[in-house]
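Peer 1: Right, I'll just put the structure down here and ask away after.
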Amino acid sequence: MRFPIGFTMAQMKHRGKMSREGRKRYPTVLMLEPLYTCNLACIGCSVERHTGRLADRMSLEQCLQAVDDCGAPIVNLCGGEPTLYPELKGLVDGLIERGKYIICCTNALKLDTKVFGVIPPHPQFFLMIHLDGMRKTHDHVCAREGVFDKAIEMLREAKRLGYVTMINTTVFKETEVAEVEEMCKLVEELRADGILISPGYDYESVEADVFLTKEQIHEKFQAIRGFSGKYKINATPMFLEFAAGMRELPCAPWSTVNFTPKGWKAPCYLIGEGFIEKWDDFWENTNWEYWESRLDSRCQNCKMHSGFEHSAVEEAMKTMKGKLQLAAWSLTG
């Protein structure tokens, strides 16, 4: 299957519950940033995500309260670098007890000291290793030599130890699509459990000219879509059509909400109009209709999974052809 059966069933159960309650908008993923502290300063990352002080991290209680308030079945641990969070084991244990599926997004530099031998493999705990290409490209993006080799070493070790292990790849303006396929082939040979490929995150605070225009996204993802069937790429067929410019989708900014050391980030993971302390204030007072419209200038080039994968699934479920395509995709890989 494309994802472990429990992961897929948790999403389906959540969607069914929301449908029975008549809810049009609801979170499916919580992007939880316990800290902004990072051990890298990648060229495509926002400033706050690699300059935070460890002392400014959220408490374990704050993290778990956000999880309870949000109710999403999937919690994506990011930051910063989540393996630097001193309370990581307690957080993972608390999430597993709540039945959540955890995706730990990591640069892999500290997996051997902070995760292996500390947090045991579990079917609800996934490692998502950041890899933006082959050695020269990835080390350039990370602004440090040796990061690629360490990531590959940790991928091998994670699989040997029995962790569910996936790869997260960001496509930037200078990314060569042929290199993306070369990387996909390598990590499949290393038995990675999935590959998430996404257009570069156009953070407001990044000054480097590394992000794609809409036309560049279409060109690169048309090529990626062409070889996607050969690898375990974790993007639905309809999302890949959207990324390739073959269809339009509305944004669902509420489907992937973001809790940070500053509070709930409104309206979405990329745009920080404001940071709100209380969940109810964030959820009830954010103008979701406006952000769904994509009328804001900051939304024009966005084709992020966090805003559109939910919409892609909803669109697929409207027709029998879409349902069959989605089912076939889920069962392969």
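Values quoted throughout were computed directly from the atomic coordinates according to the rules given, and no laboratory measurement underlies them. For clarity, every value in this text was computed on a predicted model and none was experimentally measured. Positions of Cβ are generated from backbone atoms using ideal geometry, with glycine treated the same way; all protein chains shown enter the neighbour counts.
Peer 1: Can you work out the PRE-style zone for Lys136? Point 7 Å along Cα to Cβ, and I want the residues of the stretch 142-184 with backbone N under 14 Å.
Peer 2: Inside the label zone: 175-180.
Peer 1: Which lysines, if any, have their Cα less than 20 Å from the Cα of Lys114, not counting same-chain residues under 8 positions apart?
Peer 2: Filter leaves Lys89, Lys150, Lys159.
Peer 1: Which of Ile43, Ile152 comes first, and how do the rest follow, when ranked by fewest Cβ neighbours within 10 Å?
Peer 2: Fewest-to-most ranking of Ile43, Ile152: Ile43, Ile152.
Peer 1: Can you give me the Cα centroid spacing of the stretch 118-141 and the stretch 263-329 in angstrom?
Peer 2: Using only Cα atoms to place each centre, the spacing works out to 25 Å.
Peer 1: Here is a follow-up. How large is the dipole of the stretch 5-331 about the Cα centre if only Lys and Arg carry +1 and Asp and Glu carry -1, each at its Cβ, rounded to the nearest 20 debye?
Peer 2: 1040 debye
Peer 1: Would you mind telling me the antiparallel percentage of the DSSP bridges in the chain, rounded to 5?
Peer 2: 20 percent
Peer 1: Same structure again: Grab the Cα-Cα distance for Ala328 and Arg160, subtract it from 0.36 nm times how many residues apart they are, and report the gain in nm with one decimal.
Peer 2: Length gained, Ala328 through Arg160: 57.6 nm.
Peer 1: For Arg25 and Ser59 in the same chain, what is the full-extension length gain: residue separation times 0.36 nm, less their Cα-Cα distance, in nm?
Peer 2: Difference between extended and current length: 9.4 nm.
Peer 1: Continuing with this model, one more query. I'd like the FRET efficiency for Asp68 and Lys185, computed as 1/(1 + (r/R0)^6) with the beta carbon distance as r and R0 of 41 Å, rounded to 0.05.
Peer 2: 0.50
Peer 1: Additional query: Express the Stokes-Einstein translational diffusion coefficient of the chain in µm² s⁻¹, to the nearest whole number, given a Kirkwood radius over alpha-carbon pairs, 37 °C and a viscosity of 0.692 mPa s.
Peer 2: 164 µm²/s
Peer 1: Listing Ser297, Ser311, Ser306, Ser19 from the residue with the fewest other Cβ atoms within 10 Å to the one with the most, what is the order?
Peer 2: Least crowded to most crowded, the residues run Ser297, Ser19, Ser311, Ser306.
Peer 1: Once the Cβ-Cβ distance between Lys89 and Met320 is put in as r, and R0 is 51 Å, what FRET efficiency do you end up with, to the nearest 0.05?
Peer 2: Rounded to the nearest 0.05, the efficiency is 0.65.
Peer 1: With the dipole of the chain worked out from charges on the C-beta (+1 for Lys and Arg, -1 for Asp and Glu) around the Cα centre, which of Leu331, Trp288, Gln222 lies farthest toward the positive end?
Peer 2: Working it through, the farthest residue towards the positive pole turns out to be Leu331.
Peer 1: Still on this structure, I have one more. So what is the calculated 222 nm ellipticity per residue for the chain, using -39500 (n - 2.57) for each DSSP H run with n of 4 or more, over all residues, to the nearest 500 deg cm²/dmol?
Peer 2: My calculation for the chain gives -12000 deg cm²/dmol from helical runs alone.
Peer 1: For Asp149 and Asp280 in one chain, what is 0.36 nm times their gap in residues minus the Cα-Cα distance, to one decimal in nm?
Peer 2: So the extension gain works out to 42.8 nm.
Peer 1: Right, next: Using alpha-carbon positions, what is the distance between the centroids of the stretch 1-41 and the stretch 210-243, in Å?
Peer 2: Taking the Cα centre of the stretch 210-243 as reference, the centre of the stretch 1-41 is 22 Å away.
Peer 1: Another question, then. Using mean Cβ contacts within 10 Å as the protection proxy, how do 78-86, 54-62 order, highest first?
Peer 2: Going from most to least packed, we get 78-86, 54-62.
Peer 1: Aspartates and glutamates near Lys232 by alpha-carbon distance under 12 Å, same-chain residues fewer than 8 away left out - which ones?
Peer 2: Counting by Cα, and skipping residues close in sequence, Lys232 has these aspartates and glutamates nearby: Glu181, Glu188, Glu189, Asp193.
Peer 1: Now, a different point. FRET efficiency for Glu97 and Ala223, Cβ-Cβ distance as r, R0 = 51 Å, nearest 0.05?
Peer 2: 0.75
Peer 1: So which residue, out of Arg135, Arg25, Arg160, gets the largest mean-square fluctuation from a GNM of the chain using Cα contacts under 10 Å as springs?
Peer 2: The residue that fluctuates most here is Arg160.
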